[in-house]
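Worksheet: the structure to be examined is printed underneath.
The values are calculated or read from the model by the stated rules, or taken from the named source; none is laboratory data. Keep in mind it's a predicted model, so treat the numbers as computed, not measured. Neighbour counts run over all protein chains shown; Cβ positions are idealised from the backbone, glycine included.
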Amino acid sequence: MDNTFKSALEERPGVDQPVSVNPNLVRKKRQELSVGDYVAGIVRGDWMVLSRAITMIESSKPEHLHTAQLIIERCLPHSGRSLRIGITGVPGVGKSTFIEAFGNLLTQEGHKVAVLAIDPSSERTKGSILGDKTRMESLSVNPKAFIRPSPSGSTLGGVARKTRESIILCEAAGYDVIIVETVGVGQSETAVKSMVDFFLLLMLAGAGDELQGIKRGIMEMADALIINKADGDNKQKAFQAQSQYRAALKLFPQTDSQWTVPVEVCSALENFAIDKVWEMIRQYEDHTKANGYFEKNRSEQLVNIFHNWIQFTLQHNFYNQPQTEEEIERLLPMIRNKVISPYMAATRLIEQVSPIKAEECHLK
């Protein structure tokens, strides 16, 4: 009798797998588009071409950078004819529900709405869920709406680095209301304010001490405070919070736009008072266009784009030099082992790679 031990984990030959489930399936390679193809598709309102163009400008690949800039440059004359609205608020305030109800209202009135929804990126994995389309079910299938979720990346304040360029492309595609949804409330939400015409802050009632829960900086930037979720048992609390916020805003200085910041209540879930929010935004538009602030703000936004693009270009060119990466790899172990301070290491790196002397940057 064979007493040879045989393990239950013995590997046995498996079943041969076919080369393809469907041997007749032919995968078609997506056609490459020229700059002219991109621009023509965007201007005629082709949302698929628009999506591809935004993907192009969001790309970090050096070979896409030049093409993206040409697309933006040629779309620029077709842009600028929209109302740009920034919407922010703490997580759970109902931003997605509000935007869906608000967007559907606008499309019913004949507007074309583009939603640029910024999703937070993980600091650990660098990934994003990008789930805004699933949270806005009816708006995502609305033919007059375009929803583009984008990862925030490492950009301060949760605003994607290319959001400004995406706004230009959406305007060129004929969208006359652009909504920028941010990750949440933070001191760096200045980035949102610098790219929109109207900055809307969504608030909650009944979530603790309302006045302690807001930061003065974000309230000073807001053009309106909207208390959402004014429904059910929370409705009375919403109106109480409205009175508190109105009293608090009286302590704030006059805005540059000479606009009195209103505090309103609404329920996106029950579609309550959403039309009043739109009416208020149109009143703001009329007010600021009449006193010249609207165009002044747009001009300042162009200047901000100019400075931001200089910063991005310098940083991009600096880090994409081969000698930069080599020198960083050499310096990092020295920094970790405290052989050299991070300040001196940065100074050495700039001296060796950048044509600008360190003493000119006041790094010494």
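Worth pointing out:
- Residue within segment 124-133 that is modelled with pLDDT of 55 or more, under 18 Å from the mean Cα position of the chain (by Cα) and not in a helix (DSSP H, G or I) present: no
- Segment 68-106, residues that are among the polar types (S, T, N, Q) and in a helix (DSSP H, G or I): GLN69, SER96, THR97, ASN104
- Note on segment 161-240: no enclosed strands (runs of 3 or more DSSP E) hold 3 or more residues that are under 18 Å from GLY80 (Cβ atoms), modelled with pLDDT of 90 or more and in the same structural domain as ASP37 (by TED's automatic domain parsing).
- Leading residue by the ranking (surrounded by the most Cβ atoms within 10 Å (Cβ to Cβ)) among those in segment 214-263 that are farther than 17 Å from TYR293 by Cβ and among the acidic types (Asp, Glu): ASP231
- In segment 316-328, the residues that are touching a residue at least 40 places away in the same chain (Cβ under 8 Å) reach residues that are surrounded by 12 or more Cβ atoms within 10 Å (Cβ to Cβ) and in a helix (DSSP H, G or I) with C-beta atoms within less than 8 angstrom, at least six apart or across chains, in these pairs: HIS316/LEU65.
- Residue within segment 104-118 that is modelled with pLDDT under 90 and buried (at least 16 other Cβ atoms within 10 Å of the Cβ) present: yes
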